[in-house]
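In what follows, a structure is listed as structure tokens, so that the remarks can point back to it.
Quick note: the coordinates plus some simple rules give every number you see, no bench work behind them. Just so it is clear, the structure is predicted and the values come from calculations on it, not from any experiment. Cβ: placed from backbone, ideal geometry, glycine included. Neighbour counts: every protein chain shown.
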Amino acid sequence: MTRPSSLVLGLLALAASCSEPMPTGSKVQLAPAESAISTLQAGLGDDLRAVPRPCPAPGTDGFDFWVGEWQLRRPTGELFATTIVSEALDGCVVMEDFINTSGNQARSLSAYDAATGTWHQIYQDNLLGNWRLAGGVDGMAMELASDQQIFNFTTQTFQHRDAVSTWTPGPDGTVAQRIVGTLAGTPLTFFDARYEPVSDPVRAQPSVFPFCQFVIAGFRQLDFWLGDWEVLAEHDITVGDARVTTDLNGCMVQADFRGVNGLLRRSFLVYDFPTGEWYRYMAANTGEFVKLSGPWVGAVLTLTGIDETASGRSVEVRNTVRPAGDRVVETWETKSPSGSWRVVATGRYRRRRCAGSTVSSTDGCS
């Protein structure tokens, strides 16, 4: 029997797989699991009151120099943007909230994968711009590389882009970022800016661009998942709560989970319209990270990826999200050496009546 990866074991706090249909009138059948995964097997302890929290730890602090409030200057000296960079998930991830003077807004999630010692970043803006990068610390700098297909609006064609983004801290408290590479084989400098620390930066108002909201239908495929949820495992046991939101004029989806045992997860999900696939970058305050991708087929979003474990093993993981009556069902599976999939965790999302309520609420929300 395949042993689930450490990330999957920690996904849903109790991580109890369910083998019975949902009691909501839905005809969706959940795949049976060989056995429920106990919290003791998951290394979480029987009392569910704590999870391992390795951050900050060596490696997870590699991007700390970028955390702060900044104004950005071009090489000419022109001020053109502001950004707020903060830590989340007990310091396991770095979040960026960027906006330029034209109202072009972007957000990114940078996460350290403790199992591999690799940093990953997913960046999305409200004009369909998307970067997916990976790398790590090089001397004092952070260096992340990207290699993907993009849509060039100028030529109205899909083109290959490869690039390296480097953030370098300066002795005066500033940070320099340059992105250089090639687009369709032509060398380019995609970005060149100097970050200057500033308190309470004056921020532009985001512009409204209709592409993701009204023009490209793929971006709307996860609208059913938006909202505040109670997350349930086997026998409708509450394992945590979740909030799923959309941002950047509908160009990205953020899914946050908080378990009753202190487990925190954050996902950025973006639709890559050149390929018709979704990309999900998910990190936890346990120092774990997984990157998945895949298409929306029928009524199910199906994503697959490789979870690298601390022991050096690679485990193929599959994640599905689907509407089921008035709920949402999310499953996690791992692949055995024989090629069969085994359900290791299932979460049922039950919508909360009061937005913002949590597992510890006493405000009467359910």
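Annotations for the structure displayed:
- Low-density loop positions, chymotrypsin sites (Phe, Trp or Tyr not before Pro), region 110-180 - DSSP coil, at most 12 other Cβ in 10 Å: 153
- Taking amide H positions as modeled 1.01 Å from N, with prolines and chain starts lacking one, the residues under 5 Å from residue 191 and 5 or more places away or on another chain are 179.
- Remark: spin-label model distance residue 183-residue 155 equals 1.0 nm, labels positioned 7 Å along the Cα→Cβ axis.
- Relative contact order (percent, whole number), region 64-197, Cα cutoff 8 Å, 6+ residue spacing: 17 percent
- Dipole size of region 64-197 about its Cα centre, with +1 on Lys/Arg Cβ and -1 on Asp/Glu Cβ: approximately 460 debye, rounded to the nearest 20.
- Extension gain from residue 80 to residue 67, taking 0.36 nm per residue of separation minus the Cα-Cα distance: 2.8 nm
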